Each structure stands twice: as C-alpha cells, then as structure tokens.
1. What residues from segment 6-41 fall in the zone where the backbone N is under 11 Å from a label point 7 Å along the Cα-to-C-beta line of E54?
2. Return the whole-Å distance between the Cα centroid of segment 93-143 and the Cα centroid of segment 313-362.
3. Indicate the gyration tensor shape class of segment 86-205 (rounded, prolate or oblate), computed on the Cα atoms with a ≥ b ≥ c the square roots of the eigenvalues: a/c under 1.5 is rounded; otherwise a/b larger than b/c is prolate and the rest oblate.
4. Treating the beta-carbon of each Lys and Arg as +1 and of each Asp and Glu as -1, no other charges, what is the dipole magnitude of segment 23-158 about its Cα centre, to the nearest 20 debye?
5. At what distance in nm do the modelled label points of L20 and W338 sit from each other, each positioned 7 Å from its Cα along Cα→Cβ?
6. Based only on other Cβ atoms within 10 Å, what is the fewest-to-most ordering of K157, K313?
7. Identify all lysines with a Cα-Cα distance to K11 below 21 Å; exclude those on the same chain that are fewer than 8 residues away in sequence.
8. Could you put R280, R291, R340, R366 in order, starting from the residue whose Cβ has the fewest other Cβ atoms within 10 Å?
Amino acid sequence: MSYESAAQPIKVGYLMDFVLSDDYPQERRDDLTIPFDMVFADALERGLIDRPIEVIYREVEGLPKGSVKAVIDAYEELVEEGCLVIFGPHIGDNAVAIREVLGEKFKVPALSVTGSDEALSEWFFALPMGSHFDEPIFWADLLVKGGHNDVGVLMEKSLVGEAYIANFRKACAERGIRITAEITIAQTAQDTSEAVRALHDAKAGAIVHCGFGFGIVFVNPVLAELDWDPPRFAGTAFQNAWINPVMWNAFMGWTGVDQYDEHNPVGQQFLDEFATVTGRRPEWCVPVVNRDVAVTILRALANAHPLSPRGVKEALERVKMVPAASGAPGTRISFGNWTRRGWMGPGYLVARQLNSDGWTSHLIDRFGE
C-alpha cells in the first residue's frame, strides 16, 4: 500500500465502569464488543468511512463497589491514547462525578447509557438505558394497570436511588398511589431481612426497587421465608440479571425495565446478521443497544470535520432520526445542539420478566401503549 493510501485507524474508547465477574459468560462478554466490530467493519467495506475504527476497551471498578477516581483515571488514559469519543462511563454515580472534569479538562465527548440527566452536558451525550425521570412514571403506569393502589419502596442509599425515589413520589401522587413505606438498603448485596419485613408489616400491595441493583440480591429469599409473593418492579437494574446466576435469581419474579423488544424489525434484522457472523442469536438488550451506540458513533465519525474530539461532538449533534434496533418498533435516535438524550419516543423502554431457563426473558408491556 502506498504512503498516500495508508491511514491510521480512528480510535474509539469503551469504558466499562464496573468489573465483570470471573463467571460472567464469555458469550455475553463478547456481546459487548461484537456489535461495534460488525457495524464498523460493514461501514469500511461499504465505503462509509475510509479507514478502520479501533475500539480500545477499559474495564475498571467504579461506584458502587469501587471509586470515581478509577473511572476518571481510565477516561484520561483513553484520552491520552487518542480516542475521539468514549463510550462510558455508564453508572449514574460515576457519570455525574466525571461531568465537571470532562468539560474542564478532557473535552473528548462521552456517549453513555446512564439514566442520569444530571450527567448531560456540552461533552456528555446519552442513549440512556432508562431514566431516573422516566422509569418512575412507567412504574406508576404498571401499578395502575395491575390494579395496585399502594406500594412499598426499597431504595438503595445512592445518587441513583435518591433520584428514582424523588421522581417516583411525584408519579405516585399524580396517579393516586399510596407509598406505604420507604426503606433504605445498601448499594451492595447486604442482609435485607429487616427492610423486606418492614414492607410486609406495612402491608404493601407491591414492591418497587430504586437503585443500581446489587442491593436486592437477598430480597427474594426473605420473601420466600415470609411466604409473601407481591408484584415487584425494578428499573433498568433488571438488566443486571445477565451479569451472573446470582443476579438472575435475584430478579426472578420481578418485572423490570428493559430495551429488548422482539417485535422491533431493525433489531431483529441486526440479530439475523449477528447470527450469520457468529453462529448464535443473543436475544437480550446489550447487542441491540450497543448496535445503536455503534451506529451513532459511526455517523458522527463519518461526518466529523475536522476529525477531532470537537468535530465529533458537533457531528453527534447532527445525528437525526436514525432507526433504532433497541426499544419498541419505531424508536429513533436523534441528537441536537441542546439535545443530549438520543432515543426518541416512550417505547425506547419496555417491561420484561425473566424466564426460568436462566437465559431468556419475555415481554410484559410497552410504555406509551
């Protein structure tokens, strides 16, 4: 290849702000990155870009189990390696904490799946796997549809938990739902016997969990001891079920907020292509969500002039009405000069329950219908 034809790859960072457990299935780990490989390889083959895109992966333990410093340090490493855009961090506590240094020092755009609106800024964009504002409204909708007039809340003691409960109180007040008890639990897996018994004693007709998800690991065993099986609802913490069997068992019997909808034709076409490439067809949220992230980044890189962090940031603002693979049929991706949340329409979230096979889930409801 001649000097004039050769070009260095464009670098994209992937910052995972929690460390996957050793028993995390390799196939699910591969599902994190294969969508990026597929989208970027296809774009190069079709001439949508004229040089390869290299994804640089970092995995560190941020909050709730680790520290914000680990996340900031990893972001800086990716910046120093020349990444023009970084996918992450994703947990609300870390995303909010990095917002200031991102704008004052790094000035390399972040694209995250955080549900925290407080993280959004000039340099911070989101394709949120939920929202601390939207999910409480959806919980209230599900409670009303199920005929539940009162509810008990388990709130993780964290920024995420506090944001959820503040908005859930408002949603309940608007829908005439009484919160019988609000019980605080730890962010990590700790004994929840007293908390669950308090909801039982308060005669809660249903349970809602507010938080990242690790706090409910021991809730189901306590319910079993009490011989109590109330309807129970979780936010996108539900998606942690795919981390390992412990989390899967923790969310069995819960209705959670998710982003995989088997009736979305864009997502199904992508999974058909995924099956052709890999020989398997993973029907859960991460492959379709990461496909949407990859397509968004691709559009920005292809239209960034110059090809610099600021050029990519401004190109992200020009991503408009792209059909999404995640969410209900008809979901689109759009950003703008002051639009930093990318999925449009209430159907970007759906409600699902886990199946006892430990690998699949089924659709319960679509929000907005």
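1. Residues 8-12 fall inside that zone.
2. What the calculation gives is 14 Å, centre to centre.
3. Because a/c hits 1.5 or more and a/b exceeds b/c, segment 86-205 counts as prolate.
4. In debye, rounded to 20, segment 23-158 gives about 180.
5. 4.0 nm
6. Sorted ascending by nearby Cβ count, the order is K157, K313.
7. K105, K107, K313
8. Starting with the residue having the fewest Cβ neighbours, the order is R280, R366, R340, R291.
Read the figures in this text as sums done on the coordinates, not as results from a lab. If you're wondering where the values come from, they're calculated on a predicted model, not measured in any experiment. Here Cβ is always computed from backbone atoms with ideal geometry, including for glycine, and neighbour counts include all displayed protein chains.
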